[in-house]
1. Report, in degrees rounded to the nearest 10, the 0 to 90 angle that the Cα long axis of helix 50-66 makes with the longest principal axis of the chain.
2. Helix 77-90: angle to the longest alpha-carbon principal axis of the chain, degrees 0 to 90, nearest 10?
3. Alpha carbon centre of segment 151-194 versus segment 87-115: separation in Å?
4. Shape verdict for segment 99-234, please, from the Cα gyration tensor: rounded (a/c under 1.5), prolate (a/b greater than b/c) or oblate.
5. Fewest Cβ neighbours within 10 Å first, please rank 124, 272 accordingly.
6. In the chain, what percentage of the DSSP-assigned beta bridges are antiparallel, given to the nearest 5?
7. Okay, helix-only estimate at 222 nm for the chain: each DSSP H run of n ≥ 4 adds -39500 (n - 2.57), divide by all residues, round to 500 deg cm²/dmol; what do you get?
8. Given axes a ≥ b ≥ c from the Cα gyration tensor, I'd like to know whether the chain is rounded (a/c under 1.5), prolate (a/b larger than b/c) or oblate.
Ligand code: DGL
């Protein structure tokens, strides 16, 4: 993956979960500029059909390209699971999803070859993790479980709450029964629930945080920012809606105040790919 040196790193998500990936990019690539788009008006992507998620993802990618990004990070597992091949074909810049970095980390970490995946209905139904892992190693056992209630619990800020612990316990019980030793957090909302999830699975199960792994992959492959761009990182945050409690939720996922945000209307987004 060779990335050119001009322009910011573009990142998009269905909403604000992708800010966990931005947070890791800030940690691991502090000199890089990020342009983020969260499709907050059309979230969640998890329960939607692949066709709809692909169409939304194409519009989001074109929006970022129109802002001059030099690469696109698909900071949404659902969009990465179903739209990556289309985006790779259509975009003139490198496109990085969150599935492969997470799956590769799981392959590195597992001792027993028994891997669990939690994610949205869309991600689990796509079998993107299962297919990738099986293609790398025939002896790997993979079991995925959709956990749709975890997204609203994370957004509500119930990161360390008995209700969240109970819900995680219900979802994860079948994976523990399968004696997994590694669990991929296959949704960009889940890193904020890591502490509770770790408590439920116990210390012997390794959690894979795709945000950390995706930023690490970028770190390895990204040519450094153009040194003539001396202004320092000026990050840009765009959303398609500014929901109630947006600043508060965004801060939870980003780990710092988000600052000013720009709203992109649905009309603008839908016009991006032109009419039929
Ligand atoms: N960001 C999405 C993901 O990682 C979760 C939220 C949604 O369903 O849109 O799959």
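Rule-based calculations on the coordinates, nothing more; no lab input. The model shown is predicted, which means the values in this text are computed figures rather than measured ones. In this analysis, Cβ positions are derived from the backbone assuming ideal geometry, glycine residues included, and neighbour counts consider all displayed protein chains.
1. Helix 50-66 and the main axis of the chain meet at about 40 degrees.
2. On a 0 to 90 degree scale, this one is about 40.
3. Rounded to whole Å, the Cα centres lie 20 Å apart.
4. oblate
5. Lowest to highest Cβ neighbour count: 272, 124.
6. Beta bridges within the chain, antiparallel portion: roughly 0 percent.
7. Taking each H run of at least 4 residues, the total per residue is -13500 deg cm²/dmol.
8. Here the chain falls in the prolate category.
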